[in-house]
Amino acid sequence: MTPLVHEIAGLAIPELAQQFGTPLYVYDARTILERIGHLAAFDVVRYAQKACSNIAILDLVRKNNVLVDAVSAGEIHRAMAAGYKPGFNDPPEIVYTADIFDHQTLDMVVELGVPVNCGSPDMISQYGQRAPGNSITLRINPGFGHGHSQKTNTGGEQSKHGIWHEQIEDCIERANEHGLTIAGLHMHIGSGTDMEHLSQVSSAMEQAALVVGSSITSISAGGGLPTPYRDGDDLVDTAAYYEQWDATRGRLAKEFGHHVSLEIEPGRYLAAESGYLVAEVRAVKQMGGNRYYLLDAGFNNLARPIMYGSYHPMAVCPANGDTERAHQQVVVGGPLCESGDIFTQEDGGFVSSRSLPEAHVGDYVVIGCAGAYGHTMASNYNSKPLTAEVLISDGSPHLIRERQSLDDLIRHERIPG
Ligand SMILES: *Cc1c(COP(=O)(O)O)cnc(C)c1O
């Protein structure tokens, strides 16, 4: 994104803002389809919908041969609303992956027949008691991890995720007690991939699969494919990524004497770059040495900066159509009554500044790479309604979520008496 923008996917930003209001999430369908195309070599691309789970996005990826992962009853419900069917097909359209079952979700996966990817030994036993004889997959924690922050590292003993790699035998016993077949293994150990790290993961997968044996018919490389948030970040080399996993799969297939399907489970990679948060500048103020742009969007809309110190590209869209504006060093923040409501912050909460074009009240700030873990992590904090979401496809904007009303905020609340 250049620092001065006027359009998203060919549509004028001020017109989008006037038609749908701000703050507004805008997604470009083309980017999602492009990213899906990069992963076509894998047997199965399974979208980790928690990145961006609007049913219109699920419908879009479903129509492009992408299957889906669900981490809650709500996500199973969404998947079905978008046309995915539960059941033990090969490959299954919906898989439930988690470290626990709450009661509602256990009932749901048993009644609907949604295959489960178990991240704890207790899940195996609880599922086996309710659905003996079914196939399951195991999410393995290989004992090491990776992640762009401590909060997103999903392997190693500091992570709560997955079945510890030294407990696979115990899990096989638990599965056998209920006649469950372990048909696949899964490793999702966090964002950020270098090839050396990847070879560590794939060889851990190989060792784990050899412990389980020839009941394994699929392996999943999980998600964690990085996306370029900063200028100069490269897109991951998906061909090299595939080759590494394909070699692992090939060795296992040879060992077992049958085909082993290779899945990948991206969230961020499919959704991040497609999404933009469009906000209006509502105040510009100088406070000592800092100049602030205060927007009508805050961490209630996009929580990644306050949660992880994440960097997002930003641009200014002049309401008057200016194609040139002098740059200045600014801090960009939101409307919330909380000092952490700053988009330009670093890990640890340190406020930093950014060189952006001069902006006035009524101009727009566009925050890029906001498609993944953007709206799905939004909240009603400060009693702010959730924003609308718009999907641009075939050159037209489609409203895919209405903005919440003020009545929506209190709809489920009751005054006793
Ligand atoms: C979140 C998640 C993913 C996706 O992670 P990304 O970093 O967004 O690719 C994949 N698999 C599981 C089980 C997850 O929980």
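The values are calculated or read from the model by the stated rules, or taken from the named source; none is laboratory data. What you are looking at is a predicted structure, and each value in this text was computed from that prediction instead of being measured. As a convention, Cβ positions derive from the backbone with ideal geometry for all residues, glycine included, and neighbour counts pool all protein chains shown.
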If we scan the range 333-353, do we find a residue that is crowded, with 24+ Cβ neighbours inside 10 Å, more than 16 Å from the ligand (Cβ to nearest atom) and within 19 Å of I13 (Cβ to Cβ)?
-> yes
How about the range 389-403: which of its residues are part of a loop (DSSP other than H, G, I, E, B) and surrounded by fewer than 16 Cβ atoms within 10 Å (Cβ to Cβ)?
-> D394, G395, E402
Counting just the residues of the range 277-329 that are of a type in the set (F, W, Y) and crowded, with 22+ Cβ neighbours inside 10 Å, which one comes out farthest from Y27 (Cα to Cα)?
-> Y293
Find the residue count for the range 359-388, including only residues that are more than 16 Å from the ligand (Cβ to nearest atom) and in a loop (DSSP other than H, G, I, E, B).
-> 13
If you scan the range 237-268, which residues turn out to be hydroxyl-bearing (S, T, Y) and within 16 Å of A183 (Cβ to Cβ)?
-> S261
Only one of G128, G87, G83, G74 is surrounded by fewer than 22 Cβ atoms within 10 Å (Cβ to Cβ), touching a Gly at 6+ places or on another chain (Cβ under 6 Å) and not assigned by TED's automatic domain parsing to the domain that holds S393; which?
-> G87
Among the residues of the range 141-159, is any within 20 Å of A73 (Cβ to Cβ) and in contact with a strand residue (DSSP E or B) (Cβ under 6 Å, 6 or more places away or on another chain)?
-> no
Might you check whether a residue that is more than 15 Å from the ligand (Cβ to nearest atom) and either under 30 Å from S355 (Cα atoms) or part of a strand (DSSP E or B) (or both) occurs anywhere in the range 201-219?
-> no
Can you spot a residue in the range 238-258 that is surrounded by 20 or more Cβ atoms within 10 Å (Cβ to Cβ), within 15 Å of the ligand (Cβ to nearest atom) and of a type in the set (F, W, Y)?
-> yes
